[in-house]
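Comments concern the structure below.
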Amino acid sequence: MGLWHRYSWVAYLAVFVGVLGHSSTEFVSVLSGMAGPELSVWRFILGGAGLVVLAMIFPGSRDLITPFRTHATRLVALSFLGITFAYLMFHWSLDFASVVQVATLVTTIPVFVALSNLVLNRVPISSAKILSAACAFIGIALLITDGYMARLAGSSESLFGIFMAIVCSASVAAYSVMVKPLIAEFGALRITAITMFSGAIGLWLVVGVFFGIWIGPQRLIALDHQGLIALGVIAFFNTTITQFLWIGGLAAVPDITRGSYLFFLKPAIAALLAVGILDQGLSLIQILAIVVISGSVFSEILADWFASLRATQK
């Protein structure tokens, strides 16, 4: 953590690599062949266990009990909000909406991070951040309207899936802002491992009680080779590694809202993955959307550069 605070680019790089992992989650989820609620349980049971093992490797992160002694209620609430509830909504939404729709709409997380930071910490939203968000939303709108609007208008199931994806975005954003003080006190790896694994237990209970699906090892035997590989990738890359880099990076960057705006690259990465993995072509509008969304990430950098230039000339 000290290194990340001293060299902020390391933290931003961690967030970016986390975005790369997030951007492939929807595709790997589809390849697993599992329904959303069940996949959520397996993803965080295995991925959370991976984070616990990772925490045990580093001496400074091995004590997972002390945070519970002082912040048990807060940790349980954050685990439910950011993992149990948020990712149940995320994976379940894929049962109703398309991969591209979910991947695109989850990109609203940075906007909810800015709003959560404003409400919870009274951190104002600067004009540069508003410009960045506006650019990203234009690109997102282009992606949604490019061939998908008719499908959205004609399918109530798609609308239901889209609503769940937006709820997921708001929940993850609120969690990211509220967990930052705990990460500053106990470290990113320790808190990420605790909340991920605790949230996984919550997911197991919720899916069992409300869906009547009690997940057990016998389910793995029924998966084919592709399903097992996909489950392993989504558990250990898209969860253990990605979540640690994303949450830890956001907690370490000087400006959490700016760091989260790297998430606006997700639709562009997802579109490229659609070409590479699903063998889908890109339309002119989709290419334009990628350019606009990617440009939004750099708009704050340019805004700061122009501000510094004006200050120097005065």
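The values are calculated or read from the model by the stated rules, or taken from the named source; none is laboratory data. Predicted model, so just to flag it, every value in this text is computed and none were measured. All Cβ positions, even for glycine, are placed from backbone atoms using ideal geometry, and neighbour counts span all protein chains on display.
Can you pull out the residues in the stretch 1-30 that are under 23 Å from ASP224 (Cα atoms) and modelled with pLDDT of 75 or more?
Residues satisfying the conditions are SER24, THR25, VAL28, SER29.
If only one of ALA114, ALA141, ALA136 is at pLDDT below 75, surrounded by 18 or more Cβ atoms within 10 Å (Cβ to Cβ) and either out of contact with any Leu (no Cβ under 9 Å at 6 or more places or on another chain) or of a type in the set (A, V, I, L, M) (or both), which one is it?
The unique qualifying residue is ALA136.
Tell me which residues, restricted to the stretch 32-64, are under 14 Å from GLN243 (Cα atoms) and either among the charged types (D, E, K, R) or surrounded by fewer than 21 Cβ atoms within 10 Å (Cβ to Cβ) (or both).
ARG43, ILE45, LEU46, ALA49, VAL52, LEU54
Identify the single condition in (1) crowded, with 20+ Cβ neighbours inside 10 Å; (2) in a helix (DSSP H, G or I) that HIS71 does not satisfy, given that it satisfies every other one.
The number of the failed condition is (1).
Quickly run through the stretch 213-239 and pick out the residues that are touching a residue at least 24 places away in the same chain (Cβ under 8 Å) and among the polar types (S, T, N, Q).
GLN226, ASN238, THR239 - these are the residues of the stretch 213-239 that are touching a residue at least 24 places away in the same chain (Cβ under 8 Å) and among the polar types (S, T, N, Q).
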